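Working notes, beginning with the structure itself.
The values are calculated or read from the model by the stated rules, or taken from the named source; none is laboratory data. The structure displayed is predicted, hence computed values, not measured ones. Cβ atoms come from the backbone with ideal geometry, glycine included; neighbour counts cover every protein chain shown.
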Amino acid sequence: MSIAEGIPQVVAAADMQVDAAANATEELSLDSQTAEKVVAQVKHYFSDANLNHDSYMRKGVSMHDGWVPFSNLIRFNKLRQLVGVPEDPKTEETSSRGSKKDKRGPPPPPIAKKYVDLLASVVKDGVTNEDSVEVNDTGIRRKVPYVESGEWFARTVHVKGLPYGEEPAGDAAGLTAFFAQHGEVTLLRLRRNPRTKAFKGNALVEFATVEQAEEVAQMTDLEYSGRPLTVVSLSAYHDVKKAAGEYMHPELRKPGETYLTFEEWCAANGRELPSANGKPRKSKKGKEVEKVETPPPPPKEIVVVPGVLVKFTGVEGEIGVTELKQALSVAGAVKYVDILPGASEGIVRFKEPVATQAIEAHADGLAVEGSEVVLKLGAVGKDEEDAFYERAKEASEIATARKASNPNNKKGKRAGGNASRVEGAPRSKRPRM
C-alpha cells in the first residue's frame, strides 16, 4: 500500500506479485560506453559553462538547496535517448510528480520509474569520486554553488562556414572534437534561426582560457569536413554588428551591457514586427522604446533582387573563379560568383534579372574556355536563395570583424577561411581533393 496526496491506494496482493515478476524480468541496464555518455551529459548540465546560458537549469539549482531530482533530469531529451525512454512511455509505474497543470497545456506524460531508477544508478556509480557534484537517493547537486560570471565571453569564438540548414554529424560531437585539437572546449553552441530553428551554419565555441580562444581566432587555414571555416573572437563579431546597428541576438550579447528587445529594435529602426505567419504586425501600443545615448548608424542591408541568381553545376578540375566568371558572363553581366573551394556547383549573381532567360537560352550549358568543363544552369530554390543572402551578409561582417580584431592585417591580404570567393577577392585555383 502507498499513500498519494493523503489518499490510500489499495493494491491487490495478486497484482503486486504480477508487477514484481514483471519488474524482475525487465531489469534495465546500460553498456559501459552509454553509461559514460550519461554521466558526462549530467555533469555538463551542472557545469559553469552550461549554467551561464541555461536559464532552466539555473532556476533548478537555485531551489531545494541545489538538489535537482533525477525524475526531472530524465525528461531532458538527450538523457531520455541515452537511457532508452520510449517515445510513448508506460505509465503503470511512474515517478512521483505534481498534479498541477501547466497553464500552457496539459502536463507531459509521466515516465516509468524504472528509467528514473536506472538514471540514478548510473549517475551514482559514475560520480562517486567527483569533485564538482554529489548525489543522494533521489537527486544530484553541485558541491560548490553556481556564481554567475561573464568571463565566458572573452573565451568564446564565432565560427562561420558550416552548411546552412544541415546539422553537424554526430550531434556536434565531431565539431567539438575538431576544436578540442586546438584547446580545451568547455561548450559548443550551434546558432539557429529564431523562427524556424534551422541551423544557421554558425557556431559559438567556448574555450577554457582566453589565450586558447585568441590563438584559434587568428587561424586562417581551418577546414572541417572539407569546408573552410572563418573564426573570429566573439568580442570582435559582436562589435561589428553593434557598430552596424543590427539587432543583437541573445547568444551574442556581452554580459553587463543593455540591449533593445527585438520589438524595441524594430520600433527604433522603423521596422514592422513579423508575426508567426511571416506577415508584419504592429508593435504594442504605448510601448516605450529604450533610448540609447548614441544612435547607431542604419543597419547594412543586403538588397534582395528577384531573378539575379542562377545555380551552376559541373565544375571539375582546377577551375578558378576567374574562369567561371568568364564562362558565365556569356549569359549576362556577372556581379560575383559564390562557390566553395573544391565544390562542383555554386551560384552566380548577375547584375541584372536575367535568370530565366539565361537558363532557357543556354539549356545545353556553357563551356569553360581551356577545359572540357560544361556548366549546366538551373533555378535557385528558396532555401538556397535565403542561405546565399545570409552568407553574403555574414561574409561582410566577418571580414570587418577580422580586420578589427587584427590590426596587422594589410589591405589586400586574405582575411582567411572565407567560405566563398567573390569579385574583388584574390584569384586562386581551386585544388581538387
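Below, the figures for the structure above:
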| quantity | calculated |
| --- | --- |
| Answer from 380, 373, 330, 348 - the residue that is of a type outside the set (Gly, Ala, Ser), in contact (Cβ under 8 Å) with a residue 40 or more places away in the chain and in contact with a strand residue (DSSP E or B) (Cβ under 7 Å, 6 or more places away or on another chain) | 380 |
| Failed item in (1) of a type outside the set (A, V, I, L, M, F, W, C); (2) within 30 Å of residue 394 (Cβ to Cβ); (3) surrounded by 12 or more Cβ atoms within 10 Å (Cβ to Cβ); (4) at pLDDT below 95, with residue 170 passing the rest | (3) |
| Residue list for the range 151-170, filter: farther than 18 Å from residue 215 by Cβ and either without any contact (Cβ under 8 Å) to a residue 60 or more places away in the chain or not assigned by TED's automatic domain parsing to the domain that holds residue 225 (or both) | 166, 167, 168, 169, 170 |
| Single residue of 176, 209 found to be of a type in the set (Ser, Thr, Tyr) and either touching a residue at least 40 places away in the same chain (Cβ under 8 Å) or closer than 25 Å to residue 384 by Cβ (or both) | 209 |
| Test: residue in the range 252-273 that is surrounded by fewer than 17 Cβ atoms within 10 Å (Cβ to Cβ), at pLDDT 70 or above and closer than 23 Å to residue 162 by Cα | yes |
| Complete set of residues in the range 331-353 that are in contact with a helix residue (DSSP H, G or I) (Cβ under 9 Å, 6 or more places away or on another chain) and assigned to a loop (DSSP other than H, G, I, E, B) | 331, 332, 339 |
| Residue, modelled with the lowest pLDDT, within the range 318-335, restricted to residues that are polar (S, T, N, Q) and out of contact with any Asp or Glu (no Cβ under 7 Å at 6 or more places or on another chain) | 322 |
| One residue from 183, 201 being assigned by TED's automatic domain parsing to the domain that holds residue 164 and in contact with a Ser or Thr (Cβ under 9 Å, 6 or more places away or on another chain) | 183 |
| Among (1) at pLDDT below 80; (2) in a helix (DSSP H, G or I) - the single one residue 390 does not satisfy | (1) |
| Residue match in the range 336-354 (condition: over 38 Å from the mean Cα position of the chain (by Cα) and of a type in the set (Val, Ile, Thr)) | no |
| Among the residues listed as 165, 161, 183, the single one being in contact with a Pro (Cβ under 7 Å, 6 or more places away or on another chain) and not basic (Lys, Arg) | 161 |
| Qualifying position, being of a type in the set (Ser, Thr, Tyr), within 21 Å of residue 251 (Cα to Cα) and in contact with a helix residue (DSSP H, G or I) (Cβ under 6 Å, 6 or more places away or on another chain), among 56, 45 | 45 |
| All positions within the range 360-383 that are more than 35 Å from the chain's Cα centre (by Cα), more than 19 Å from residue 320 (Cβ to Cβ) and surrounded by 15 or more Cβ atoms within 10 Å (Cβ to Cβ) | 362 |
| Matching residues, the range 340-372, being hydrophobic (A, V, I, L, M, F, W, C), closer than 22 Å to residue 225 by Cα and modelled with pLDDT of 85 or more | 347 |
| Residue within the range 212-222 that is surrounded by fewer than 19 Cβ atoms within 10 Å (Cβ to Cβ) and closer than 20 Å to residue 82 by Cβ present | no |
| In the range 32-65, residue modelled with the lowest pLDDT [restricted to those that are part of a helix (DSSP H, G or I) and among the aromatic types (Phe, Trp, Tyr)] | 56 |
| Flag for residue 227 being farther than 25 Å from residue 73 by Cβ, surrounded by 14 or more Cβ atoms within 10 Å (Cβ to Cβ), modelled with pLDDT of 95 or more and in contact with a Leu (Cβ under 9 Å, 6 or more places away or on another chain) | no |
